[in-house]
Amino acid sequence: MKKLLLITAFIISYCISAQGSDLNIQNFTSYQVEFSLFKSDQTNVSGGCSPIWDGRNSMTGLSLLKESPNPGFVSTDAYYEADLNQSNTFNPAFPDKPLIDTWILDNNYTSPYVLPGSIIPASSLAAKNMGMKFGIKDPITGTNVAGYFPIGNVQCGQPPIIDISAYTNIINASYFTFGGGEWLIFY
């Protein structure tokens, strides 16, 4: 009984201490996901949820997560750490992760932080809530077939958007927090 109580206490404390700032993305669909990530401080509603960071690819504007090699069974994955400076670092555990090399702070498009040259300030860690705006592309034709939709924490002071079933019937996506991180699953 004592062991069960200790294990339960450990699991509860782990979940309570989770900051929800790492982001895991899984794509189980036969479509590509073209996206821009957002990171904000949802506890700072009076300050417009600032800082708000907008992550992009400097060459194409949007990042592209490949389609699943076996839709419905095997996912193409991406993982982004809380430290935005790591978003442009290749991770062999996630070889298909689109690298994000440009972060825009509070809509200041004239002075973006471009990695690896710029150092994103530690104050970016105050922004703990992730969100995404994305579109769905056909991997054969390269055309957009649906989108662009918000999911996760993209609206200041509002609850996160947890699924996209109201927007499209081509695919679905779910957003949730679990085990100290945030998850976006496309299926």
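List of remarks:
- Karplus (6.51, -1.76, 1.60) ³J(HN,Hα), θ = phi - 60°, over the range 150-161, in Hz, Gly and Pro reported as x: x, 8, x, 8, 10, 10, 4, x, 10, x, x, 7
- Inter-label distance, nm, simple model (7 Å from Cα along the C-beta direction), ASN44/ASP163: 3.3
- Rolling a 1.4 angstrom probe over the range 117-187 with all protein chains present gives an accessible area of which 58% lies on carbon and sulfur atoms.
- Per residue value of the accessible surface for the range 143-187 (all protein chains in place, 1.4 Å probe), Å²: 51
- Under 5 Å, built H, 5+ apart or other chain: amide partners of LEU37: GLY55
- Of GLU67, GLU81, GLU34, the residue with the greatest mean-square motion in the GNM of the chain, using alpha carbon springs below 10 Å, is GLU81.
- Max mean-square fluctuation residue, GNM over the chain, Cα-Cα springs under 10 Å, options PRO121, PRO112, PRO92: PRO92
- Along the range 106-117 the Karplus relation, 6.51 cos²θ - 1.76 cosθ + 1.60 evaluated at θ = phi - 60°, assigns HN-Hα couplings of 6, 6, 8, 6, 7, 10, x, 8, 10, 8, x, x Hz to successive residues, with x for each Gly and Pro.
- Backbone HN-Hα couplings from phi across the range 57-63 [Karplus 6.51/-1.76/1.60, Hz, Gly and Pro as x]: 9, 5, 7, 10, x, 10, 8
- Counting every pair of alpha carbons in the range 67-137, the share spaced more than 16 Å apart comes to 60 percent.
- Lys, Arg +1 and Asp, Glu -1 on Cβ, resulting dipole of the range 95-181 about Cα centre, debye, nearest 20: 80
- Between PHE90 and TYR148, the contour length at 0.36 nm per residue exceeds the Cα-Cα span by 18.2 nm.
- Rounded to the nearest 20, the size of the Cβ-charge dipole of the chain about its Cα centre is 360 debye, with Lys and Arg at +1 and Asp and Glu at -1.
- In this structure the amide hydrogen of ASP96, modeled in the peptide plane, comes within under 5 Å of the amide hydrogens of ASP77, none closer than 5 places in sequence on its chain.
- Contour minus Cα-Cα distance for ILE140 and TYR109 (0.36 nm per residue): 8.0 nm
- Viscosity 1.567 mPa s, temperature 4 °C, Stokes-Einstein D of the chain from Kirkwood C-alpha radius, µm²/s: 75
The values are calculated or read from the model by the stated rules, or taken from the named source; none is laboratory data. Since we're looking at a predicted model, the values are computed, not measured. Virtual Cβ from ideal backbone geometry, glycine too; neighbours counted across all protein chains shown. For accessibility, only protein heavy atoms count, side chains too; no ligands or nucleic acids. Shrake-Rupley method; radii C 1.70, N 1.55, O 1.52, S 1.80 Å.
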